[in-house]
Amino acid sequence: MSQRVFAPRGPWLFSRRIDLWAFGGSALCSCLLIALGAAFGWLDQDLPEWTWLVCVVGIDVAHVWSTGFRVYFAAPELRARPLLYGGVPALAYLSGVALHALSPLAFWRGLAYLAVFHFVRQQVGFMKLYGRQNPAQTRLDSLCDGAAITLAMLYPLIFWHAQQPRAFAWFVAGDFVAAESVRALARAALPLARAACLLSLIAFFARQLVLLRRGSWVPGKVVLLLATASCWLLGIVVFDSDYAFTVSNVILHGVPYFVLTHRYARAEPVPSLARRIAVRGVVPFVLACVLLALVEESLWDRLVWHERADYFGEVFPLGALQLVFVVPLLAVPQITHYVLDGFVWRVRTENPVLRRELESA
């Protein structure tokens, strides 16, 4: 294979330069944008329009469509597992209709918690891939890695539930459960979660110091953990701001995923539309995803939100019954992305290209 998805076994996942830019650079960008937001007063205002365009549409929605390059724009992949790739969108739509028929809030709440699971799982998945890259990885390393990266996100999520209402939401106001019983439970669990998070971070860095002395530490893990912990703490715990949450949440999640899907599409051995676009470079790949994201957002705005007619043109108001069927349909790409992400990047059996790259010396 002429193009590699991952670097040979060692301390980096893609390469030293790409890992630092993808994970460290994303976190640094988020921190700088938060600092700019504080300087210009954006932290206490509605989300600036440029932030919505760049972060929400250009990164968050667009990275969802990059799953298409991994699956739906690659005919050999589609032929390999047609039941999975056809069944997930269908099941996503039917489930969405059922929830939205129950109530719009039930739909958005279910989608929000599925998204949270997906966001957490992605960071844990990257950490596990680092572990597979390292031939010296032990069970102790896996335990320290998993506990640290998971609790670095779990603690802010418990804090969020304990401190509701916040000035931001995952999708729509009220999508996280805010019942007093839930808030009380979260407040009771918060000291334990904080202590567990701190202890897991101490254990992780202590282990890395031991490995550093032995000459077998993995700096990419450290970058990933620091990036994740800083963004989740700043965006959820330190600041109560829609702007701070958006820039810290979206950039770290979307940019590394773009890197992964682009390099994977470029490394596919069988010609496909995904590979033909990816081999032309990162810019055409990202622009194709952004174009699809803009089409999706135009449909959301015209049919559901009616907030940006200056961008997307005439709106088409729908009745409550019509929304029961239209909203889940528009959300199918997003739900499919969340669900398939748990399948297509598995190394052991489902992903021979990924497995081959990780196991090559």
*According to a simple spin-label model (label point 7 Å from Cα along Cα-to-Cβ), what is the distance in nm between ASP240 and LEU209?*
3.6
*Comparing GLN122, GLN137, GLN322, which has the greatest mean-square fluctuation in the GNM of the chain with Cα pairs linked when under 10 Å apart?*
GLN322
*Taking the Cα atoms of segment 26-105, report the difference between the largest and smallest coordinate on each principal axis, in whole Å and largest first.*
51, 36, 18
_Would you work out the Kirkwood radius for the chain? I mean one over the mean of 1/r across all pairs of different Cα atoms, in Å._
21.5
*Using Cα centres only, tell me the gap between segment 48-83 and segment 113-146 in whole Å.*
22
*If each residue's Cβ is checked for other Cβ atoms within 10 Å, how do GLU314, GLU49 rank with the fewest at the top?*
GLU314, GLU49
*Between beta-carbons, use under 12 Å as the cut-off and find the net charge around VAL64, counting Lys and Arg +1, Asp and Glu -1.*
-3
*Name the residue farthest towards the positive end of the dipole of segment 132-232 from the options GLY146, PHE176, GLN208, assuming +1 on Cβ of Lys and Arg, -1 on Cβ of Asp and Glu, about the Cα centre.*
GLN208
*State the Cα centre-to-centre distance between segment 16-42 and segment 154-224 in whole Å.*
20
*asked:* Quick check on the chain: helices-only [θ] at 222 nm, where DSSP H runs of length 4 and up contribute -39,500 (n - 2.57) each and the sum goes over total residues. Nearest 500, please.
replied: -22500 deg cm²/dmol
_Listed residues ASP310, ASP341, ASP242, most fluctuating in the chain (Gaussian network, C-alpha, under 10 Å)_ = ASP310
*DSSP H segments from the chain that extend 24 Å or more along their own axis, Cα-based, with Kyte-Doolittle mean of -1.0 or above*: 82-102, 104-133, 139-162, 180-214, 242-267, 282-300, 320-344
*Report the charge-dipole magnitude of segment 5-161 in Debye, nearest 20, computed about the Cα centre from +1 at each Lys and Arg Cβ and -1 at each Asp and Glu Cβ.*
740
*What is the order of SER248, SER15, fewest Cβ neighbours within 10 Å to most?*
SER15, SER248
*Provide THR138, THR67, THR228 in ascending order of the number of other Cβ atoms located within 10 Å of each residue's Cβ, fewest first.*
THR138, THR67, THR228
*asked:* Is there a quick way to get the dipole size of the chain? I mean about its Cα centre, with the Cβ of Lys and Arg at +1 and of Asp and Glu at -1; what is the value in debye to the nearest 20?
replied: 1900
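Throughout, read-outs are computed from the coordinates displayed, never taken from laboratory work. Please read these numbers as outputs of a predicted model, since none were measured by experiment. FYI the Cβ positions are ideal-geometry reconstructions off the backbone, even for glycines, and counts take in every protein chain you see.
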